[in-house]
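Taking it in order: structure first as structure tokens, then the write-up.
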Amino acid sequence: MIKRILGLLLAGLPFFLPCAADCKATLGIEEIKAYAAAGVKIEHLRKHKTVDWEKIETLFAKDAAKVVEKTDRAKGTDYSRAIAQALEQCRKGLKARVNQQILAKGLQHITVLNIFGLCDALMRGEAAAGPKISAFFEEIRPTFVRRDKDFFASAGKLEKTAELALEHLSQGPSEDLYTYKTDLENIILRTYALSVLYEIMEIEKFLQTNPDKCAVKQMEAMIFYRIIAGRVKRNSADAHNTITRMLDGSYSMMKASILEENLKKGLRGISLK
């Protein structure tokens with residue numbers, strides 16, 4: 001079952017499509033702030049010992065669903081349906097720890113798609129895109145904090161790099177705009193590459209002792225990878241194919257050393273560690 005879900009997630013949705021014209025125009029700054037806050041709150045709620053799925057569904061419907069729907073229309077993604085199905089499974093207690101990752105990591109993918117689209121809009125001279133980028137970033141900031149803790153002893157290496165780029169991008173078009181746009185995109189790609197790597201390292205750690213935890217980690221790794229897959233595939237089709245086979249395979253196939261080697265091929269020019 002998990003392989004079928006993962007295969008559909010990988011094959012069914014496109015990577016980093018150009019933003020449709022209505023994407024920027026219909027997402028207001030307050031709407032984005034509410035969406036980002038909801039994403040962070042959902043993360044906290046779903047980690048409670050007893051999860052109130054009705055509360056999560058209500059919060060999602062109120063502050064996040066419209067952004068997801070608009071992004072689906074603009075990008076050709078299908079997260080509205082996927083998240084609705086995942087929440088239904090969670091409410092029924094069916095593989096809730098696995099299915100909730102479709103919501104949690106799916107929202108992060110929605111966020112990154114919007115950030116990248118707004119970066120392009122900023123390059124076209126749309127100054128209002130800058131503050132929207134910063135507003136969206138708040139939804140994924142916790143992932144930067146976690147990866148800083150996992151790989152850089154909480155030194156803030158990833159978060160600080162993103163903060164510097166965001167500070168400049170929020171000021172609108174400038175002669176250094178392309179540099180800071182590239183810096184932000186690269187640190188996002190780096191952070192999510194490290195996120196995939198972290199989950200596979202966790203699978204290696206729990207391979208013999210906790211298969212249920214491995215199922216959760218596999219789902220997390222799959223959706224994290226979808227966020228960066230477009231760049232990896234563009235740079236190295238071989239690396240992309242190796243990674244996707246690994247993520248859709250058995251736990252015994254998941255080797256962090258092989259993953260890291262192929263992430264470096266697919267994200268050339270971007271240091272991982």
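Miscellaneous remarks
- Of the residues Asn241, Asn186, Asn262, the one that moves most in a GNM of the chain with alpha-carbon contacts below 10 Å is Asn241.
- The chain: most fluctuating residue of Leu184, Leu94, Leu59 per GNM, C-alpha cutoff 10 Å: Leu94
- Dipole of the chain [Lys/Arg +1, Asp/Glu -1 at C-beta], most positive-end residue of Asn186, Asn241, Leu59: Asn241
- Centre-to-centre, using Cα atoms only, region 51-105 and region 197-273 are separated by 23 Å.
- For the chain, hydrophobic long helices are taken as DSSP H runs at least 30 Å long by C-alpha position along their axis with mean Kyte-Doolittle hydropathy of 0.5 or more; these are 96-123.
- As an equivalent ellipsoid, the chain spans semi-axes of 27, 23, 17 angstrom, where each value is the square root of five times an eigenvalue of the C-alpha gyration tensor, largest first.
- Charged-residue dipole, Cβ positions (Lys, Arg, Asp, Glu), region 67-191 about Cα centre, Debye nearest 20: 760
- Region 105-170 - percent of accessible surface contributed by carbon and sulfur, probe 1.4 Å: 56
- Taking every alpha-carbon pair within region 92-165, the share separated by more than 19 Å comes to 49 percent.
- Since only Ile115, Ala127, Leu166 are under comparison, the one whose Cα sits farthest along the positive direction of the charge dipole of the chain, derived from C-beta charges on Lys, Arg, Asp and Glu, is Ile115.
- Charge dipole (debye, nearest 20) of the chain; +1 at Cβ of Lys and Arg, -1 at Cβ of Asp and Glu: 780
- Across Lys105/Lys255; Lys70/Lys265; Lys217/Lys264; Lys47/Lys217; Lys233/Lys255; Lys132/Lys181, pairs whose alpha-carbon gap is larger than 25 Å: Lys70/Lys265
- Expected 222 nm ellipticity per residue - DSSP helices of 4 or more, -39500 (n - 2.57), all of the chain, to 500: -25500 deg cm²/dmol
- Here each label is just a point 7 Å from Cα along the line to Cβ, and for Lys149 and Glu43 those points are 1.0 nm apart.
- Ligands, DNA and RNA are left out, and with a 1.4 angstrom probe the accessible area of the chain is 44 Å² per residue.
- Within the listed set Ala61, Ala128, Ala165, the residue fluctuating most in the Gaussian network model of the chain (springs between alpha-carbon atoms under 10 angstrom) is Ala61.
- Neighbour-limited loop hits for chymotrypsin sites (Phe, Trp or Tyr not before Pro), region 60-130 (at most 10 other Cβ within 10 Å; DSSP other than H, G, I, E, B): none
The values are calculated or read from the model by the stated rules, or taken from the named source; none is laboratory data. What you are looking at is a predicted structure, and each value in this text was computed from that prediction instead of being measured. A quick note on method: Cβ atoms are made from the backbone with ideal geometry, for glycine too, and the neighbour counts reach across all protein chains shown. The protein model used for the area step is the full one, side chains on, heavy atoms only, and it has no ligands, DNA or RNA in it. Shrake-Rupley method; radii C 1.70, N 1.55, O 1.52, S 1.80 Å.
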